[in-house]
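The structure under discussion appears below in the form of structure tokens.
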Number of protein chains: 4
Amino acid sequence: MLIRAGYQIRYEADTPTPMMAMLSIHPSRHKGLVTPHRIVATPDVPMYDYVDAYGNVCSRVTVPAGGLTLTSDFTVEDSGLPDTLTPEAVQHPVEDLPDDVLIFLLGSRYCETDRLGDTAWSRFGHAPAGWARVQAIVDFTHEHVEFGYHYARPTKTAWDTHQERQGVCRDFAHLAITLCRCMNIPARYCTGYLGDIGIAPVDAPMDFSAWFEVYLGGAWHTFDARHNRPRIGRILMARGRDATDTALTTTFGAAQLTGFDVHTDEVLALD
Amino acid sequence: MLIRAGYQIRYEADTPTPMMAMLSIHPSRHKGLVTPHRIVATPDVPMYDYVDAYGNVCSRVTVPAGGLTLTSDFTVEDSGLPDTLTPEAVQHPVEDLPDDVLIFLLGSRYCETDRLGDTAWSRFGHAPAGWARVQAIVDFTHEHVEFGYHYARPTKTAWDTHQERQGVCRDFAHLAITLCRCMNIPARYCTGYLGDIGIAPVDAPMDFSAWFEVYLGGAWHTFDARHNRPRIGRILMARGRDATDTALTTTFGAAQLTGFDVHTDEVLALD
Amino acid sequence: MLIRAGYQIRYEADTPTPMMAMLSIHPSRHKGLVTPHRIVATPDVPMYDYVDAYGNVCSRVTVPAGGLTLTSDFTVEDSGLPDTLTPEAVQHPVEDLPDDVLIFLLGSRYCETDRLGDTAWSRFGHAPAGWARVQAIVDFTHEHVEFGYHYARPTKTAWDTHQERQGVCRDFAHLAITLCRCMNIPARYCTGYLGDIGIAPVDAPMDFSAWFEVYLGGAWHTFDARHNRPRIGRILMARGRDATDTALTTTFGAAQLTGFDVHTDEVLALD
Amino acid sequence: MLIRAGYQIRYEADTPTPMMAMLSIHPSRHKGLVTPHRIVATPDVPMYDYVDAYGNVCSRVTVPAGGLTLTSDFTVEDSGLPDTLTPEAVQHPVEDLPDDVLIFLLGSRYCETDRLGDTAWSRFGHAPAGWARVQAIVDFTHEHVEFGYHYARPTKTAWDTHQERQGVCRDFAHLAITLCRCMNIPARYCTGYLGDIGIAPVDAPMDFSAWFEVYLGGAWHTFDARHNRPRIGRILMARGRDATDTALTTTFGAAQLTGFDVHTDEVLALD
């Protein structure tokens, strides 16, 4: 399957405002590109990329006084298959985890493992270890939290979401990630494109989405506590410990997001 | 100057408990060693080191049922000079910062930049940029927070410390780091040995200490919001975004710290 | 199976001579340790480890005037199985290779891909791609080159070995690696312990051994052009582009190797 | 000073041919860009970047049947100053060198330290250590080797250049690098733009250039054995152990370079 995706994003600023943007696709998707991925800046200000400590492509650019529009439009191959289920994937004892995975057991800005440990162990301590335990966490999170765009708040953490029982996809992910880490299951935050391929068309403006991955059976596996069912066509953009590390844009100053349009669709063959 | 330092730490556990320990000195101090740095485990269980994403040496070991004692004793060269003051070090505009420094502007578990931004800008927005602004933040933190060992709490964040006005060296560091980051000054958390060389002997059991570094004028500089004066003989063990990344030990299970003895002293020549 | 291995190595020097040693086991074997891996220096001079760009543990030490003995003795778990054969592993088109694998297609000090390309294509261009092509290269190398300890020479390259048809395990590896790279099959040099487990006892002093790995079917696979048959009990110490990157010791000055004893044996259970 | 630079390069191929290209500027020059650096492919085939182990930007692309043109044109700030001379920069004893610098003491494909060690020590063992020793090596190389474009040969090594006494800028660099490494001075190969700013206009087609850097006094310093005098306007593209690691393009198949045009000039202000 081919998926065509991209965005047009607009920032206004009164004075030049530096920005760090994670608006590229993740390097793991590079090989599937059938048209180049390119970020076009209007006006054509200097912009360059670097790779951060998590392997994400980050772009540095300064929003000029007068504002900046960033646009991308690309086509990439996709398996066309829904998220893989691997219920036999075992949970590793901590001592067997690879060294570089351990960081995804620790707390982070929006994932207070130190505050949710007791909750996690009392709820999931009796669930079978491994995939079933993660699924129990995802089921719980999906049920416990009510989705609503107006529940979004930049400072909202997993603890807040657990208490308030309201949130957006990012909050679902943070809560489920935190509960997994409390149970010694490494979990990391993912952000990217997720369209409505294979499901009923969604009557809402497209946005980027957040999900997460857990480390079981020697590999990372995708879970989505917001939707809690396998989906087709995720295009990963960035991964990290939580939303702090993967913000689509981080501005250092007073730039305002004033336009935002995302698209991601299956490319249908013409006959 | 030569400094002799080390520790004896004891953990008890009823069942084997995996542990990640940052009980080595930082690689930046390797060249000054005049005796090897070695962690001796009793009993002699397997233990191995890896280097984490921040460049710290981490040791993996499992506390056996019956407990584990870790001991180290080494001698290292030191300049013998107090922390360097560099008041002329300029603050870089964000767009001039190196790519790998940007992560130290972001929030982290104990440093809620998103919650303290307004406080920071209202207090320090008029201070001269650069070294003077950092010193103003350190002065404020040192004055604002009352030190007391009994104020320590594992979940305490910079926000909590700002509200409660009580804490230990870790809390002083987290608050000052957060305020620096809010002002677009990269700041990172440090932990290590700090004895009483050059000051009146301290009548309290030795502990490891926490301080922080800021990036000004193209280099990292040491600040210490707890003591707020230049000190001699810091021996760095680990650096990171905050105390999450640099915990001396992280146990995955129910091991209890039951013994803790740290020493760090100038080696005085005999004549 | 448990394997007990180690060494005692002695260097003499008239003046202090810095040394870089790769005398640890590779981090991929850390989890199997049942006793710690530790290098003991006599006299007990300072020594510290770092991890190089290939992921190997390197130790830095200075051989003092009067000489230095390095000793290690450890026990590690092993599958007890011979090298895995995976004849179905496919050869990837170059454009499908992961980014970090490409470096193992390039030439290096002892692997002159630019000089052996024509030879490689004329000999192996008609062999089926993938595993069979690598096996053809290994068969050729094994037949083409005569083994003999006295054929060792520090400057000997793959080209030299191809011309002279004589060499030691390192030369067999360099030639086979070079031919694989010429055929666009990524190949890297390995060094480590290899005893006589599962074969007739070898009547020669134990030494470290050299073999290589190729990237096929999304994974690295072990080949050994010197022995050309599956062996039990390889314990990897270091990997790199060729022997330059994995020398057991590199001295910067006039230290002389004067003692060398290596052991690696299956630990047999007593009943 | 502003420098405008870029290229147009053409490859022909009968069948699709994968290529790895180092045709970007080095990340250390990113901040000076005043127009974006962008590689335009004609036709507009997919192409993506990664960062290699030496910190260089590498682009992966497949030359389609019918050929490919790669074009770039950008403007970057430059100090406008000639290469800095730092004669007081000291030579570090090997034991004081940073860990990640040691690799630049080892041999590599075109730098046979094992073959040129005796030559180096007999010629330069009596030169004062540090900057003067490097300058003596550069002076010797500059005198010893005759420049001529027709002396270029892909397999030519430092040893070959020393024997044949003929070469191009790459060969001058390889020989000087090898001699420095033999003397325990870390040296690495550099490639990039070098125009005729500040010198008499050169009556020859512009090409990319090769130079090298040595590690003295805690920093890397530029030397150029081909020109042996300070030059203005070097724009670094890639660094590595030698030309193997920094080839502007490496093709895996039968693509032919059929067009090559490079430009780099000072941007002169109009009044």
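The values are calculated or read from the model by the stated rules, or taken from the named source; none is laboratory data. From a predicted model like this one, the values you see are computed outputs, not experimental measurements. Note: ideal-geometry Cβ built from the backbone for every residue, glycine included; neighbour counts use all protein chains shown. To get the accessible areas, we keep the full protein, side chains included, count just its heavy atoms, and leave off ligands, DNA and RNA. Shrake-Rupley method; radii C 1.70, N 1.55, O 1.52, S 1.80 Å.
Values computed for the structure shown
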quantity: Hits among aspartates and glutamates - C-alpha to C-alpha of D:Lys156 under 18 Å, sequence gap 8 or more where chains match; calculated: C:Glu112, C:Asp114, C:Asp118, C:Asp160, D:Glu112, D:Asp114, D:Glu146, D:Glu164, D:Asp171, D:Asp242, D:Asp245
quantity: Test item: Cα-centred dipole of chain D, Lys/Arg +1 and Asp/Glu -1 on Cβ, debye; calculated: 260 debye
quantity: Estimated FRET transfer efficiency (B:Ser122, C:Ala219; beta-carbon r; R0 51 Å; 0.05); calculated: 0.35
quantity: Highest-MSF residue in chain D out of D:Asp118, D:Asp73, D:Asp203 [GNM, Cα springs under 10 Å]; calculated: D:Asp203
quantity: Average beta-carbon neighbours from other chains, 10 Å sphere, peptide D:38-48; calculated: 4
quantity: Accessible heavy-atom area order of A:Tyr215, D:Tyr193, highest first, probe of 1.4 Å; calculated: A:Tyr215, D:Tyr193
quantity: Nearest-first distances (nm) between copies at B:Asp44, label 7 Å from Cα via Cβ; calculated: 1.4, 6.8, 6.9
quantity: Whole-number D in µm² s⁻¹ for the range B:94-240, Kirkwood Cα-pair radius fed into Stokes-Einstein, 4 °C, 1.567 mPa s; calculated: 84 µm²/s
quantity: Equivalent ellipsoid semi-axes - Cα gyration tensor, the range D:1-93, angstrom; calculated: 32, 18, 11
quantity: Axis proximity, chain B to C: residue whose C-beta lies nearest, plus whole-Å distance; calculated: B:Val51, 3
quantity: Kirkwood-type radius of the range A:157-244, with distances r between different C-alpha atoms, in Å; calculated: 13.5 Å
quantity: Approximate spin-label separation B:Phe260-D:Asp203, in nm, with each point projected 7 Å along Cα-to-Cβ; calculated: 7.9 nm
quantity: The range C:89-171 - charge dipole about Cα centre, Lys and Arg +1 at Cβ, Asp and Glu -1, debye rounded to 20; calculated: 320 debye
quantity: q = 0.15 Å⁻¹: log10 I(q)/I(0) that the Debye formula gives for the range B:1-157, counting C-alpha atoms only; calculated: -1.17
quantity: Dipole magnitude (debye, nearest 20) for the range B:94-240, charges at Cβ of Lys, Arg, Asp, Glu; calculated: 160 debye
quantity: Relative compactness, chain B, computed as alpha-carbon Rg over 2.2 N^0.38 Å; calculated: 1.02
quantity: Equivalent-ellipsoid semi-axes of the range A:42-109, from the Cα gyration tensor, Å, largest first; calculated: 38, 21, 10
quantity: Cα gyration tensor of the protein assembly as shown - equivalent ellipsoid semi-axes, whole Å, descending; calculated: 43, 38, 34
quantity: Cα-based Rg of the range A:126-178 normalised by 2.2 N^0.38 Å, two decimals; calculated: 1.14
quantity: Among D:Tyr189, D:Ser72, D:Ser24 the positive-end extreme of the charge dipole of chain D (Cβ point charges); calculated: D:Tyr189
quantity: Other copies of D:Gly259: label-to-label distances in nm, shortest first, labels 7 Å along the beta-carbon direction; calculated: 3.5, 6.9, 7.7
quantity: Inter-copy label distances at A:Gly117 (7 Å, Cα→Cβ; nm, one decimal); calculated: 3.2, 5.4, 5.9
quantity: Gyration tensor verdict on the range B:210-271 (Cα atoms; rounded if a/c is under 1.5, prolate if a/b is larger than b/c, oblate otherwise); calculated: oblate
